[in-house]
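> Mind looking over this structure? Questions follow.
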Amino acid sequence: MAVFKPLSNLVTRFSFQLLVICGFLFLSSPYLWAQDLDVPFVPTPENVVEQMLDVANVNSSDYVIDLGSGDGRIVIAAAKRGATGHGVDLDPQRIKEARANAAEANVDDQIMFMQKDLFETDFSRASVITMYLLPSVNKQLRPKLLEELEPGTRIVSHDFDMGDWKPDKQLTVNNENGGGSHEVYFWVIPAKTSGNWSWSADGKDFTMDINQRYQEIDVSLTDGNGNSYDVKKATLHGSRIKIRAGNDGQHYIFSGRVEGDEITGMVQHHNGDENEFSMWSATRE
């Protein structure tokens, strides 16, 4: 027996080390990291729910996905406006409660509730995303939202922002029972516009360089003769883009819709008393 004792100790030590390594890998998996980001349930006041849906202009054409849906009140309120959608929550008790509340409100044929991790949820079908999560969770979700959602999709968050992604709107809602207030943040997913664009208009070739940070764009505009134009204003709202630029008494307004590597729309040309408009089509190189 003494001859095999060192081998037995070695096996024991190896088994323990293997258990520690497996435990570390298990705990550090992306799925469990996402689970650690779960948010305790705190219900959103009903008047805040209505303001969230108002700022997103939720209507019967919308599909609303509520992240961390709790007792289901946001999706239920959206359904009462004619929308369809679903809620996502990790807590099976909350899912059960939400389904019961939807049935009581007679909207369970319009909406559903799923027990699922937020980071494994497919957002692509949504026209509106609502959430009441923690700031750290919002920041973790931000790249996924920007990547998966179509330009123009609306996002509303109760109380917490998205870090350096500035909201398109921010509202303060007073507590319906008095004492304190709530913040409502609203964003619109912007189209991806960074790069070099070119087109012809008014008998000229134009080149436009865009640097983008979320919905904010910095634009430089030149024509084929090397003339630079003063860009007075450039805005991006979802897939809609508008650029106002001028040079030597001539003023252009380019407005259109971004679809992949193309922009199509209208251009106005103001030259003193002569004003005209024509079609505008730009291509990204």
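> Can you list the HN-Hα couplings for the stretch 248-263, worked out from phi with the Karplus curve (6.51, -1.76, 1.60; θ = phi - 60°), rounded to whole Hz and with x for Gly and Pro?
Going residue by residue, I get 6, x, 9, 10, 10, 10, 9, 9, x, 10, 8, 9, x, 9, 10, 10 Hz, with x marking Gly and Pro.
> Might you work out the accessible area of Ser255 for me, using a 1.4 Å probe with all protein chains in place, and round it to the nearest 10 Å²?
Its heavy atoms expose roughly 30 Å² to the probe.
> Hey, another quick one. Applying 1/(1 + (r/R0)^6) with R0 = 22 Å to the Cβ-Cβ distance of Ala100 and Leu134, what FRET efficiency is obtained, to the nearest 0.05?
The calculated FRET efficiency here is 0.25.
> If you don't mind, there's one more thing I want to ask. Work through the residues other than Gly87 whose Cβ is under 13 Å from its Cβ and net out their charges, Lys, Arg +1 and Asp, Glu -1.
Around Gly87, the charge tally is -1.
> If you don't mind, another one. Can you give the net charge of the other residues whose Cβ lies under 12 Å from the Cβ of Ser239, counting K and R as +1 and D and E as -1?
+1
> Moving on to the next point. Alpha carbon centre of the stretch 209-285 versus the stretch 160-205: separation in Å?
20 Å
> Subtracting the Cα-Cα distance from 0.36 nm times the residue separation, let me have the gained length for Glu259 to Asp223 in nm, one decimal.
Contour length minus Cα-Cα distance gives 10.7 nm.
> Determine the calculated [θ] at 222 nm for the chain from helices alone, applying -39500 (n - 2.57) to every DSSP H run no shorter than 4 residues and normalising by the residue count; nearest 500 deg cm²/dmol.
Values: 6 runs with 75 residues, N = 285.
Dividing the helical sum by the residues of the chain leaves -8500 deg cm²/dmol.
> Let me ask something else about it. Below 8 Å, C-alpha to C-alpha, sequence gap of six or more: please give me the relative contact order for the stretch 39-133 in percent.
On the way: 172 pairs, mean separation 31.9, N = 95.
Normalised by residue count, the contact order of the stretch 39-133 is 34 percent.
> How much of the accessible area of the chain, in percent, comes from carbon and sulfur atoms when a 1.4 Å probe is used?
Working: 7940 of 15420 Å².
The value for the chain is 51 percent carbon and sulfur by accessible area.
> Under 18 Å Cα-Cα from Lys233, which aspartates and glutamates qualify once same-chain neighbours fewer than 8 residues away are excluded?
Answer for Lys233, where 18 Å is the Cα cut-off: Asp168, Asp209, Glu216, Asp218, Asp223, Asp248, listed by chain and number.
> Related question: Per residue, how much accessible surface does the chain expose to a 1.4 Å probe? Answer in Å², no decimals.
Numbers: 15420 Å² over 285 residues.
The answer is 54 Å² per residue.
> What number, in percent, do you get for the relative contact order of the chain if the mean sequence gap of Cα pairs under 8 Å and at least 6 apart is divided by its residue count?
The value is 11 percent.
> Let me ask something else. Can you say what percent of the DSSP beta bridges in the stretch 65-202, counting only those with both residues inside, are antiparallel? Round to 5.
Values: 12 of 27 bridges.
That works out to approximately 45 percent antiparallel.
> Between Asp109 and Lys232, what is the label-point separation in nm under the 7 Å Cα-to-beta-carbon projection?
5.5 nm
> What net charge do the residues around Asn57 carry, taking every other residue with its C-beta under 14 Å from that of Asn57, with Lys and Arg at +1 and Asp and Glu at -1?
Taking every Cβ under 14 Å from that of Asn57, the sum is -1.
> Now for a separate question. Set the Förster radius R0 to 51 Å, insert the Cβ-Cβ distance between Ser124 and His270 as r into 1/(1 + (r/R0)^6), and round the FRET efficiency to 0.05.
0.80
> With the contact rule set at Cα under 8 Å and sequence spacing of 6 or more, what percent relative contact order holds for the stretch 66-207?
18 percent
The values are calculated or read from the model by the stated rules, or taken from the named source; none is laboratory data. Everything numeric here is computed off the predicted structure, so don't read it as measured data. All Cβ positions, even for glycine, are placed from backbone atoms using ideal geometry, and neighbour counts span all protein chains on display. For accessibility, only protein heavy atoms count, side chains too; no ligands or nucleic acids. Shrake-Rupley method; radii C 1.70, N 1.55, O 1.52, S 1.80 Å.
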